[in-house]
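*Asks:* Below: one structure in structure tokens.
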Amino acid sequence: MDWFREAIMTSDDIVGSLTYSYKIAMQYIEQRKFHDQVLEQLVSLYQGLDTPDCVNMCQCLIHLDKPHEVASILDKLIKNDSLRSEVMG
């Protein structure tokens with residue numbers, strides 16, 4: 001999946017590419033194993049943004065059936081006022 005990560009990270013619009021990739025994964029990828037691999041990569045890429053995209057990370061993690069990771073992200077947001085302000089806009 002290095003090709004996937006490289007394609008997004010070299011894009012002129014990384015956030016737009018992430019958004020597009022998420023939509024495509026959710027609508028068109030039917031093979032479960034590949035679908036999950038794409039979502040795992042998206043979580044990693046969302047985490048690597050200058051300001052991590054917690055909302056989209058959580059959406060991916062929910063589809064991956066990882067409630068503990070979602071809870072961990074939400075817990076960090078609650079405990080970190082400055083991060084919560086950035087994410088909630």
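The values are calculated or read from the model by the stated rules, or taken from the named source; none is laboratory data. Note that the structure is predicted; figures quoted are calculated from it, not measured. To get the accessible areas, we keep the full protein, side chains included, count just its heavy atoms, and leave off ligands, DNA and RNA. Shrake-Rupley method; radii C 1.70, N 1.55, O 1.52, S 1.80 Å.
*Asks:* Viscosity 1.567 mPa s, temperature 4 °C: what is the translational diffusion coefficient of the chain from Stokes-Einstein with a Kirkwood Rh over Cα pairs, rounded to a whole number of µm²/s?
*Replies:* On the way: Rh = 13.6 Å.
Rounded, D is 95 µm²/s.
*Asks:* Next question. Can you give the accessible area of Ser11, probe radius 1.4 Å, in Å² rounded to 10?
*Replies:* About 30 Å², rounded to the nearest 10.
*Asks:* Another question about this same structure. Report ³J(HN,Hα) in whole Hz for each residue of region 13-27, in order, from the Karplus equation J = 6.51 cos²θ - 1.76 cosθ + 1.60 where θ = phi - 60°; Gly and Pro get x.
*Replies:* 10, 4, 4, x, 5, 5, 4, 4, 4, 4, 4, 5, 4, 6, 8
*Asks:* How about Lys79: which lysines have a C-alpha closer than 27 Å to its C-alpha, ignoring those fewer than 8 places off in the same chain?
*Replies:* The qualifying lysines are Lys66.
*Asks:* Counting only protein chains, not ligands or nucleic acids, how are Asp36, Asp12 ordered by accessible area (probe 1.4 Å), most first? List each step's numbers first, then the result.
*Replies:* Values: Asp36 40, Asp12 165 Å².
Result, largest first: Asp12, Asp36.
*Asks:* Ignoring everything except DSSP H segments at least 4 long, calculate the 222 nm mean residue ellipticity for the chain; use -39,500 (n - 2.57) per segment, divide by total residues, nearest 500. It would help to have the intermediate numbers written out before the result.
*Replies:* On the way: 6 runs with 70 residues, N = 89.
Rounded to the nearest 500, the figure is -24000 deg cm²/dmol.
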